[in-house]
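The values are calculated or read from the model by the stated rules, or taken from the named source; none is laboratory data. All values reported here derive from a predicted model rather than from experimental measurement. Quick reminder, even Gly has a Cβ in these numbers, built from the backbone with ideal geometry, and neighbours come from all protein chains shown. For accessibility, only protein heavy atoms count, side chains too; no ligands or nucleic acids. Shrake-Rupley method; radii C 1.70, N 1.55, O 1.52, S 1.80 Å.
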Amino acid sequence: MPLDIDFVRQQFEQLDDDPQFIFASNAGGSYVCKQVNTVMEHYNRHTRVQPYSDFPSSAEAGAAMDRAKQRWAAALNIDLSELTVGPSTSMNTYVMSQAIGDLWTASDEIIVTNQDHEANSGAWRRKAIEKGMTVRQWGVDPETGLLHVEDLIPLLNEKTRWVFFTHCSNVVGTTNPVAQIVRQIKANSSARVFIDAVAYAPHHISDLKALGVDAYAFSLYKVYGPHQGLLYINAAIHPDLTSQAHYFLSGDPAKDFNPAGPQHAQVAACAGVLDYFDALHAHHFDNNDVAEPQKMADIHGLILPYENQLAAPILDFLDHHPDVRLIGKTTTRDNDRAPTIAFKPLKLSSQSLANKLQSAGIGTEHGNFYAHRLVSDLGFDPDDGVVRLSLLHYNRIEDAEKILQELDRSLK
Ligand SMILES: Cc1ncc(COP(=O)(O)O)c(C=O)c1O
């Protein structure tokens, strides 16, 4: 059964606000599914107390938070002790840079990219520079913005401690083959691998053990959920990280990498995203009695062809337009192209094109999207940047058609 778009759209209440409006800025933050609102509302109405005490509302609050964390650990195929729920990915990477950096020494090296959002670049670079280390950059192809693994291998050596890269850039929109790259890194070094999946997770929740990564981060406010960041750190490397928690809490993996007090209602509401995936699975598949990672894979199988259908005509149009420079892969043929489509109009500013599209009822954006290094290294003014159209599986095929019409009109 193909994706039932009417069913999907019924799960997102904000889509009813203005049915004509086309929301095409999903990579900046998605709409929230109604299952998340249900959990959040229940928490705020009935259990808005300090959790984990023995009186009923407090015990229920703690149980709701535990349910969310247990469900997410199962979905990601990781142990509960390997999951940190923090305020955002930028905060999680910052805290983690303190936790891993304490043991770095001047002879160590790290590898970062210029494809990443700054959240997966600046914190590591700053810590490494503070320690007097060598920072190597795995650079993108300056024309396409794509990363090629052949360029990474020569940067690896016995001093490389970590390699940091993205599962999918929030500007380039092309999925990096993480499992394959991790295998090559491990075959050529003892480096550990950290992946930023913020721009990938809205399209697929991955089985992290299958990917073979050491650490992985993404943000649930881009995955139909509350404003929280999920951070996986493989338990095997916890001994090499210093706790960032209050001294009397250190040794508790849920707190070691999150010195912020947890945002109780938001943590509980993280479960709502998986309640949405349950509903999506139950609607489309006969057998729902499957392990969580299999459920995520089934849902990916449902969403991917639909998102390809959204992206393909827009990519094709932009690729062939003489007044446009399209970033990233130009087709969905390899099933590795998210409908996150960034391009530079060559005859007008990105801002003026974005404004034209906005006036036509298309919620799009322009700029560098905090992938400042990438946008600069592609040769663009990072302030005007690129125009980005980012769609998700709740966008309609008619939305893509309207975008095409308006692009054609606005670029003339
Ligand atoms: C690819 C990517 N990484 C990291 C981040 C930062 O996430 P957060 O806003 O949760 O700090 C973003 C935010 O836009 C992003 O797109």
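The table for this structure:
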item	result
Residue in the stretch 144-151 that is closer than 26 Å to H246 by Cα, within 16 Å of the ligand (Cβ to nearest atom) and among the small types (G, A, S) present	no
Failed item in (1) crowded, with 18+ Cβ neighbours inside 10 Å; (2) assigned to a helix (DSSP H, G or I), with S81 passing the rest	(1)
Count of the stretch 259-294 residues which are of a type outside the set (G, A, S), over 19 Å from the mean Cα position of the chain (by Cα) and open to solvent by less than 30 Å² (accessible area, probe 1.4 Å)	3
Total residues in the stretch 177-201, condition within 10 Å of the ligand (Cβ to nearest atom) and in contact with a Leu (Cβ under 6 Å, 6 or more places away or on another chain)	0
In the stretch 276-322, the residues that are polar (S, T, N, Q) and out of contact with any strand residue (DSSP E or B) (no Cβ under 9 Å at 6 or more places or on another chain)	N287, N288, Q294, Q309
Any hit, the stretch 58-74, residues being more than 19 Å from K255 (Cβ to Cβ), assigned by TED's automatic domain parsing to the domain that holds G251 and open to solvent by less than 10 Å² (accessible area, probe 1.4 Å)	no
Filter result for V112 (open to solvent by 10 Å² or more (accessible area, probe 1.4 Å), at pLDDT 95 or above and of a type in the set (V, I, T))	no
Number of the condition not met by Y216 [criteria: (1) in a loop (DSSP other than H, G, I, E, B); (2) crowded, with 23+ Cβ neighbours inside 10 Å]	(1)
Candidate set: the stretch 355-379, residues that are under 14 Å from Q115 (Cα atoms) and not aliphatic (A, V, I, L, M); chosen: the one surrounded by the fewest Cβ atoms within 10 Å (Cβ to Cβ)	G379
Helices (runs of 4 or more DSSP H) fully within the stretch 306-412 counting 1 or more residues that are within 23 Å of the chain's Cα centre (by Cα), within 16 Å of the ligand (Cβ to nearest atom) and at pLDDT 95 or above	372-377
Leading residue by the ranking (farthest from N26 (Cα to Cα)) among those in the stretch 154-176 that are within 16 Å of the ligand (Cβ to nearest atom) and either part of a loop (DSSP other than H, G, I, E, B) or in the same structural domain as K344 (by TED's automatic domain parsing) (or both)	N176
Residue in the stretch 101-108 that is away from the ligand (no atom under 16 Å from the Cβ), in the same structural domain as T242 (by TED's automatic domain parsing), assigned to a helix (DSSP H, G or I) and surrounded by 15 or more Cβ atoms within 10 Å (Cβ to Cβ) present	yes
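Here is a yes/no grid of residues against (1) closer than 16 Å to M96 by Cα; (2) open to solvent by 30 Å² or more (accessible area, probe 1.4 Å); (3) of a type in the set (S, T, N, Q):
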{"site": "N188", "(1), (2), (3)": "no, yes, yes"}
{"site": "F194", "(1), (2), (3)": "yes, no, no"}
{"site": "A199", "(1), (2), (3)": "no, no, no"}
{"site": "D207", "(1), (2), (3)": "no, yes, no"}
{"site": "L211", "(1), (2), (3)": "no, no, no"}
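For every residue, the table says whether it meets (1) of a type outside the set (A, V, I, L, M); (2) farther than 20 Å from V193 by Cα; (3) outside any helix (DSSP H, G or I).
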| site | (1), (2), (3) |
| --- | --- |
| Q14 | yes, yes, no |
| M40 | no, yes, no |
| N44 | yes, yes, no |
| Y52 | yes, yes, yes |
| S58 | yes, yes, no |
| G62 | yes, yes, no |
| M91 | no, no, no |
| M96 | no, no, no |
